[in-house]
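Chemist: Mind looking over this structure? Questions follow.
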Amino acid sequence: MKNKLQYYFTKSYTSKHIFIGAFLFLCVNVLINLIYYFLGYPHPYTSFLFLPYDRFGDFFKSIDLFQIVTTWEGPDPLDPRSGLAGRPFVNVYNFTLANLILFTSNKYFILCSFFIVCLGAFVYVAKKAGNSFTVIFFALVSYPIIFVLDRGNFALLVFVLLLIALASDNVLFSTFLIGICTALRLTPIVFTIPILVKEPLTLKRLATVISLSLIWFLVINDLSIWFIRNIIINESYDPVAIMAREMENYNRNYILSYDGLPYSSSFFLPFKWLYLKLCEKIPFLTPGLDYIQPVSSAVAVCSIIAFLLLLKGDLKKTFLMITDARKVLFLVSLSFILFMPITGDYYLLVLFIPLLLYPKNSYSFLYVLTCALLLAPKNFHYVGSIYISHHISLQVFLNPGLALILLFSEFDLLQNVKRYSADRSPKPIITFTENRENSLADLQRPASNA
């Protein structure tokens, strides 16, 4: 039994095992959800997905803002008086969907077409990158894909465009797609870094990639602003003022308040919850969260410093590791998840990009286990606070830690930790092997004449 376990711990694994493991953990979560259901527990104990009455809400609610069609009949609709979004291209995206629904008179046809086009492109790129049907199938039935389909969020489109951009060797095309992603959501601009290191980094390549990404972003936004002012509303539109108002609302609702807690994997939320629990125990603390963002940012910075310290040693090896295309992509993907205040679980999709575009055949057991757990739902246990109206999933606390372990495993930093521990352990003056070699040498040495 011990030898069998040792075999599984020491054998090499592939991407297939990661996605199969994630699916098996998902099945375990579903089983626990069913047990809660038969015991009479309410949502969220009975499902790892969002509220059942809000299915596809991210897709339909924004479309209704234009009052061209009415697609959302559920609770919590968006108020049309809230106006257009501060990101111009988001308005063009939603306006186009609204007119397509008006043209076809079938909102679910447009929704399904959106899903089919995005997932079809995902399958095509993943297959072209050399992944097997098994890997692609289990990726399609994974938690991040199911979650983004349940919400109908354009995070699916952002993910597919990023996947295509990073799979392409054409800098002009890659930066164009990055420009679209950045126009939809500003943070994907960080994925220009993996594009930079796909080839030997020169000053010319650095200037080309950065300038093209910015040019595409500005062109897309300027065209979107023209479209809005001349076709959508035919009046003035100030995206900067609207964006400032949106950031203020975001800060109030998501940073200083308690929205976004149940479904996220960032560093920020565990500290936020811990501070609220301290407020329950310590009378002079107030549940204002002004100081939590700096604290979580400090922890993020400390994690990066620890990461760099563990890389310290062979400078040449460190440089090669940092400029390796797969490792850079993995580092950017994990940073994209960890260092934003709120990261919806559908953005776990960005971890698929390095796994599918740079598949390996020699993952360790720890790597596979950690990655599979990170990509699986862990909504089978919840904790609460008197300051929070909803329960907080266990994965909010587990995912940041799992992501750090995965990062250390990707860069072989856990080996450095073991080596550091071994170097600090006391060493005997002479080992058994050395003693044995010396004894053999004495036996084989010819006797000297007296």
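Chemist: Which residue is farthest from H381 (Cα to Cα), if the candidates are limited to segment 11-60 and must be among the hydroxyl-bearing types (S, T, Y), at pLDDT 85 or above and part of a loop (DSSP other than H, G, I, E, B)?
Modeler: Residues of segment 11-60 among the hydroxyl-bearing types (S, T, Y): 12-15, 36-37, 41, 45-47, 53.
Within this subset, residues satisfying the condition of being at pLDDT 85 or above are 14-15, 36-37, 41, 46-47, 53.
Restricting the remaining residues to those that are part of a loop (DSSP other than H, G, I, E, B) gives 14, 41, 46-47.
Values: T14: 30, Y41: 12, T46: 11, S47: 11 Å.
This residue is T14.
Chemist: With the condition kept exactly as written, say whether any residue in segment 343-351 is part of a helix (DSSP H, G or I), of a type in the set (F, W, Y) and within 21 Å of V158 (Cα to Cα). Can you show your working first?
Modeler: Within segment 343-351, the first condition is being part of a helix (DSSP H, G or I), and the residues that meet it are 345-351.
Next, only the ones that are of a type in the set (F, W, Y) stay: 346-347.
Checking the rest, the ones that are also within 21 Å of V158 (Cα to Cα) come to 346-347.
Yes, segment 343-351 contains a residue that is part of a helix (DSSP H, G or I), of a type in the set (F, W, Y) and within 21 Å of V158 (Cα to Cα).
Chemist: Just checking, how many residues over segment 238-265 are at pLDDT below 80, assigned to a loop (DSSP other than H, G, I, E, B) and among the hydroxyl-bearing types (S, T, Y)?
Modeler: Of the residues in segment 238-265, 4 are at pLDDT below 80, assigned to a loop (DSSP other than H, G, I, E, B) and among the hydroxyl-bearing types (S, T, Y).
Chemist: Just to be sure I understand, how many residues within segment 337-358 are surrounded by fewer than 20 Cβ atoms within 10 Å (Cβ to Cβ) and at pLDDT 85 or above?
Modeler: Summing the residues that are surrounded by fewer than 20 Cβ atoms within 10 Å (Cβ to Cβ) and at pLDDT 85 or above in segment 337-358 gives 1.
Chemist: Looking only at segment 375-387, decide whether some residue is at pLDDT 80 or above, under 22 Å from K11 (Cα atoms) and out of contact with any Pro (no Cβ under 9 Å at 6 or more places or on another chain).
Modeler: no
Chemist: Across segment 184-214, what is the total count of residues that are without any contact (Cβ under 8 Å) to a residue 40 or more places away in the chain and of a type in the set (V, I, T)?
Modeler: Looking only at that region, the number is 7.
Chemist: Moving to a separate point now. Out of (1) modelled with pLDDT under 85; (2) more than 20 Å from L140 (Cβ to Cβ); (3) in contact with a helix residue (DSSP H, G or I) (Cβ under 9 Å, 6 or more places away or on another chain), what's the single condition that is false for V328?
Modeler: (1)
Chemist: Among the helices (runs of 4 or more DSSP H) lying completely within segment 106-182, list those that include at least 1 residues that are in contact with a strand residue (DSSP E or B) (Cβ under 7 Å, 6 or more places away or on another chain) and without any contact (Cβ under 8 Å) to a residue 12 or more places away in the chain.
Modeler: Details: elements: 107-128, 133-140, 143-151, 155-167.
Where helices (runs of 4 or more DSSP H) fall fully within segment 106-182, none carries at least 1 residues being in contact with a strand residue (DSSP E or B) (Cβ under 7 Å, 6 or more places away or on another chain) and without any contact (Cβ under 8 Å) to a residue 12 or more places away in the chain.
Chemist: I would also like to ask the following. Which one of the conditions (1) more than 20 Å from Y367 (Cβ to Cβ); (2) modelled with pLDDT of 65 or more; (3) out of contact with any Phe, Trp or Tyr (no Cβ under 7 Å at 6 or more places or on another chain) does K427 fail to meet, given that it meets all the rest?
Modeler: Checking K427 against (1) more than 20 Å from Y367 (Cβ to Cβ); (2) modelled with pLDDT of 65 or more; (3) out of contact with any Phe, Trp or Tyr (no Cβ under 7 Å at 6 or more places or on another chain), the one that fails is (2).
Chemist: Hey, can you tell me all the residues within segment 203-217 that are of a type in the set (S, T, N, Q), surrounded by fewer than 20 Cβ atoms within 10 Å (Cβ to Cβ) and within 16 Å of D169 (Cα to Cα)?
Modeler: Let us first name the residues in segment 203-217 that are of a type in the set (S, T, N, Q), namely 208, 211, 213.
Still in the running and surrounded by fewer than 20 Cβ atoms within 10 Å (Cβ to Cβ): 208, 211.
The answer is T208, and nothing else.
Chemist: Could you list, in sequence order, all residues of segment 81-105 that are in a helix (DSSP H, G or I), hydroxyl-bearing (S, T, Y) and exposed (fewer than 15 other Cβ atoms within 10 Å of the Cβ)?
Modeler: Taking segment 81-105 first, the residues in a helix (DSSP H, G or I) are 81-82, 88-104.
Those left that are additionally hydroxyl-bearing (S, T, Y): 82, 93, 96, 104.
Result: S82, T96, T104.
Chemist: Restricting attention to segment 179-199, does a residue exist that is farther than 20 Å from L334 by Cα and surrounded by fewer than 15 Cβ atoms within 10 Å (Cβ to Cβ)?
Modeler: Yes, some residue in segment 179-199 is farther than 20 Å from L334 by Cα and surrounded by fewer than 15 Cβ atoms within 10 Å (Cβ to Cβ).
The values are calculated or read from the model by the stated rules, or taken from the named source; none is laboratory data. Predicted model only: the values in this text are computed from it and were never measured. Positions of Cβ are backbone-derived with ideal geometry, glycine not excepted, and every protein chain shown enters the neighbour counts.
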